[in-house]
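Below is one structure, written out as structure tokens, with a few remarks after it.
The values are calculated or read from the model by the stated rules, or taken from the named source; none is laboratory data. Worth saying up front: this structure is predicted, and the values here are computed from it rather than measured. Virtual Cβ from ideal backbone geometry, glycine too; neighbours counted across all protein chains shown.
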Amino acid sequence: MMNLAPLRGTRDFFPDDMRLRNWLFGHFRDAARKFAFEEYDAPILELEELYIRKAGEEITGQLYNFEDKGGRRVTLRPEMTPSLARLILQKGGALTLPAKWFSIPQCWRYERTTRGRRREHYQWNVDIFGVPGVTAEAELLAVLVTFFRQLGLGPQDLEIRISNRKLLQSVLDSLGVPDEKFAPVCVLVDKLEKLPREAIEQDMQALGLTDTIVDRIIETLSLKSLDELDNVLSEKYEVIDELRGLFRLGEQYGIADWLSFDASIVRGLAYYTGTVFEAFDRGVNLRAICGGGRYDRLLSTFGGNDIPACGFGFGDVVIVELLKEKNRLPEFTPEIDDLVCPFSEDLRGPAMQIASRLREQGRVVDLVLEDKKIKWIFKHADRNGASRVILIAPDEWSRGEVRVKNLKTGEESNLSPDAL
Ligand code: HAM
């Protein structure tokens with residue numbers, strides 16, 4: 001037989017898995033809707049040039065790209081933000097700002113698969129266009145906390161670590177590193193946090209980062225509090241006020257215990273320009289649960305006018321690992337309201353009519369499609385979580401009634417179809 005397994009790093013979703021996925025996506029949607037975000041979508045296939053950013057990002061080396069039959073270089077999207085930017089640019093002046101949009105796209109990255117990293121994942125994206133100040137970031141963080149609370153998680157389970165790329169920018173400015181090197185340096189610094197320094201030394205030299213500069217960067221990234229930052233930085237940088245402002249808003253939103261300052265958060269994507277954040281579990285030590293930040297200058301890289309923007313991406317993999325680890329996943333069982341069953345084939349017509357009437361009333365109704373024994377019927381009802389079995393039997397039907405067994409209470413009765 002041919003190999004039936006899905007490709008490495010990809011998943012099949014059996015009905016059991018879909019119940020979990022729909023539950024998770026339901027919470028993604030609910031949390032975004034509570035904050036009045038609107039849902040959008042875009043094609044999974046995009047032009048490759050949308051992701052060619054030349055800053056040395058991991059993501060550009062992981063594209064599922066190919067030439068289509070028309071000779072165009074295309075790729076499965078590795079992330080949603082460039083597609084979102086494309087949509088925003090299409091709207092141009094017709095777009096009412098702020099635009100608060102969310103989406104749950106499947107994204108493809110040719111990654112080395114590890115715990116929490118796959119070659120496809122679904123990624124909840126929540127973004128705000130048109131707000132330059134940190135009230136936007138505060139809103140995103142509040143969406144995240146609302147979502148975590150919906151799942152029954154608390155600040156003892158995870159934290160959102162926040163920093164701001166302007167911090168690194170100030171340090172680089174003071175060391176004379178030119179502006180155009182900022183994005184590639186950020187990407188490299190993000191790797192510096194994950195790989196040994198020797199592994200990326202060559203790339204650092206190519207960017208003109210001397211040992212002194214790298215030492216200074218590492219020193220800055222190890223700062224643990226805003227006060228420490230205040231003391232170390234010789235000038236009073238606007239970024240400190242910005243960060244303090246964001247934490248103040250966090251307090252006013254009642255989410256302060258979820259938030260912490262962490263200078264080592266830089267993020268590995270080139271386009272971030274300001275606030276950056278990632279959520280991590282406490283204690284289990286999984287990979288980042290989600291990540292995001294401000295990207296005020298992405299639109300001009302596509303030739304459009306910039307609009308201030310920030311957002312986050314939240315995968316469907318690490319959060320489920322965490323919930324499993326903490327035993328917080330609910331039990332997912334199929335749920336049907338009524339199982340309708342004709343006693344014999346000549347009663348199939350009435351059975352179908354009764355099933356239709358119940359469905360019109362919004363009930364989930366399964367109709368037994370073949371001639372089955374009563375034992376099978378009750379086993380089937382039990383396996384599918386049915387609340388009632390409705391049997392269309394000859395004697396009862398001749399009196400205009402059906403036999404009903406309520407599986408929650410065990411009660412049995414004869415009822416007219418109207419009384420169902
Ligand atoms: P990212 O950090 O590359 O950011 O991905 C965001 C989240 O997607 C990660 O924290 C993780 O939950 C999930 N994720 C990424 N790659 C994988 C993978 N291979 N397997 C499983 N989960 C994964 C972005 O993609 C940005 N575009 C997010 C963003 C939106 N920034 C602003 N708006």
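Scanning the range 392-415 for residues that are outside any strand (DSSP E or B), of a type outside the set (A, V, I, L, M, F, W, C) and closer than 15 Å to E335 by Cα yields a single hit, K408. The set of residues in the range 145-168 being part of a helix (DSSP H, G or I), in contact with a helix residue (DSSP H, G or I) (Cβ under 6 Å, 6 or more places away or on another chain) and of a type outside the set (K, R) consists of V145, T146, F147, Q150, L167.
Looking at the range 161-180, is at least one residue in the same structural domain as V214 (by TED's automatic domain parsing), under 16 Å from the mean Cα position of the chain (by Cα) and either closer than 30 Å to V214 by Cβ or not basic (K, R) (or both)?
no
When each of A136, A142 is tested for being more than 30 Å from F13 (Cβ to Cβ), part of a helix (DSSP H, G or I) and within 15 Å of the ligand (Cβ to nearest atom), the lone residue that passes is A136.
Total residues in the range 10-32 satisfying the condition of being under 17 Å from L329 (Cα atoms) and either touching a Gly at 6+ places or on another chain (Cβ under 8 Å) or in contact (Cβ under 8 Å) with a residue 40 or more places away in the chain (or both): the figure is 10. Scanning the range 212-249 for residues that are surrounded by 13 or more Cβ atoms within 10 Å (Cβ to Cβ) and part of a loop (DSSP other than H, G, I, E, B) turns up L223, L233, Y237.
Counting only residues that are farther than 22 Å from G130 by Cβ and within 10 Å of the ligand (Cβ to nearest atom), the range 97-112 holds 6 of them. A Cβ distance below 8 Å, combined with a sequence gap of six or more or placement on separate chains, defines the contacts here; from the range 305-318, residues that are within 28 Å of N22 (Cβ to Cβ) and of a type in the set (D, E) reach residues that are in a strand (DSSP E or B) and more than 6 Å from the ligand (Cβ to nearest atom) in the pairs D316/Y122; D316/W124. Within the option set V266, V276, being over 30 Å from D418 (Cα atoms), within 11 Å of the ligand (Cβ to nearest atom), of a type in the set (A, V, I, L, M, F, W, C) and in the same structural domain as L192 (by TED's automatic domain parsing) holds for one residue only, V276.
Taking the condition away from the ligand (no atom under 15 Å from the Cβ) and in contact with a Ser or Thr (Cβ under 8 Å, 6 or more places away or on another chain), does N125 pass? Here the answer is no, as N125 does not meet what is asked. Restricting attention to the range 296-321, the residues that are more than 6 Å from the ligand (Cβ to nearest atom), of a type outside the set (V, I, T) and buried (at least 21 other Cβ atoms within 10 Å of the Cβ) add up to 3. Restricted to the range 306-321, and to residues there that are in contact with a Leu (Cβ under 7 Å, 6 or more places away or on another chain) and not aliphatic (A, V, I, L, M), the residue that is farthest from T113 (Cα to Cα) is D306. Strands (runs of 3 or more DSSP E) fully within the range 250-329 that include at least 1 residues being among the β-branched types (V, I, T): 275-281.
Quick check on the range 341-391: of everything there that is outside any loop (DSSP other than H, G, I, E, B) and in contact with an Asp or Glu (Cβ under 7 Å, 6 or more places away or on another chain), which residue is surrounded by the most Cβ atoms within 10 Å (Cβ to Cβ)?
I390
Hey, which of the strands (runs of 3 or more DSSP E) in the range 56-124, taking only ones fully inside, have at least 3 residues that are touching a helix residue (DSSP H, G or I) at 6+ places or on another chain (Cβ under 9 Å) and surrounded by 15 or more Cβ atoms within 10 Å (Cβ to Cβ)? Outline the logic, then answer.
Values: elements: 64-67, 73-76, 99-103, 106-108.
Because the criterion is at least 3 residues that are touching a helix residue (DSSP H, G or I) at 6+ places or on another chain (Cβ under 9 Å) and surrounded by 15 or more Cβ atoms within 10 Å (Cβ to Cβ), the strands (runs of 3 or more DSSP E) in the range 56-124 that meet it are 99-103.
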